[in-house]
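Data first, discussion second: the structure below is written as structure tokens.
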Amino acid sequence: MDAFHTLRVRGKRETFPLHNFELFTLLISALEWRKHNGSIKMVTDSAGAEFLEVYGLIDAWDETTILLDDMQSLNINEDVFWAGAKLYALSQRKAPCVMMDLDFILWKPIDFQKYGTDLAVIHREDINPFVYRSKEHFSFWDDWEFPDWLNWSVLPCNGAFVYFGSQEFISEYTEFAIEFMQKANEWMTDSITWYLPSNGGWRCAPIIYRFPYTNSPLFRCCLGVNRNTLPIYGVTNKD
């Protein structure tokens, strides 16, 4: 199975703030994947590729793709939508594939054939009103509005490790997410991340965290495409 990591530096690689434990973790993540489950690519920008090359890390991945320099032309505020690069990287991948965080380590093989064209994730998230904001919270440029087919009742899925079996879904999911990030009024919030669809519909990125004691807001929306969302590691799907 093909997997990918995303590393977005933006600034100069000399000032890139990765600690030693983070370097060890991303190396273990890549090498354990190659040991048990197939190939893994690093999707990064020019500064990220230079960082990996200078520090002798680049051979941990089967391939390194410099793609994220494109983010500068997408009109997305990455100080707000800090996970935007990950979604853009996903938009350029082909199904089936696995999207994996740099700090996620898979210690054993998984039979991805049983997931077919579905989506497989680690677990779903509860809709906490202090975390997941209602659609009335948001404002947009150019009179953009949420489409009527969004399903706001679907439980979101954690996005640290996701198997995508459908190219159609990758395209629909990332197209909507990128449009949202381009149209959202970033002054309404401080930072935005994203999660994924869940069984009975699709919860569509981005997601905005809002904790009473932090500056990390979160928004959730659902993409109305029926597709099964399957659990990994025996997590029970109760729907």
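The slack between Trp152 and Glu63, meaning 0.36 nm per residue of separation minus the straight C-alpha distance, is 28.3 nm.
Take the Cβ-Cβ distance between Ser171 and Asp142 as r, set R0 to 25 Å, and report the resulting FRET efficiency rounded to the nearest 0.05. Provide the component values of the computation, followed by the final result.
Details: r = 23 Å, r/R0 = 0.91.
With a Förster radius of 25 Å, E is 0.65.
Residue pairs exceeding 21 angstrom between C-alpha atoms, taken from Lys86/Lys114; Lys41/Lys86; Lys41/Lys108; Lys135/Lys183: Lys86/Lys114.
Under the √(5λ) rule applied to the eigenvalues of the Cα gyration tensor, what semi-axes describe the equivalent ellipsoid of segment 43-144? Give them in Å, descending. Spell out each step's value before the answer.
On the way: eigenvalues 157, 111, 39 Å².
Working from the Cα gyration tensor, I get semi-axes of 28, 24, 14 Å.
In this rough spin-label picture, where each label sits 7 Å from Cα along the Cβ direction, the Ser73-Glu32 distance is 3.8 nm.
No lab work stands behind these numbers, since they all come straight from the coordinates. Note that the structure is predicted; figures quoted are calculated from it, not measured. In this analysis, Cβ positions are derived from the backbone assuming ideal geometry, glycine residues included, and neighbour counts consider all displayed protein chains.
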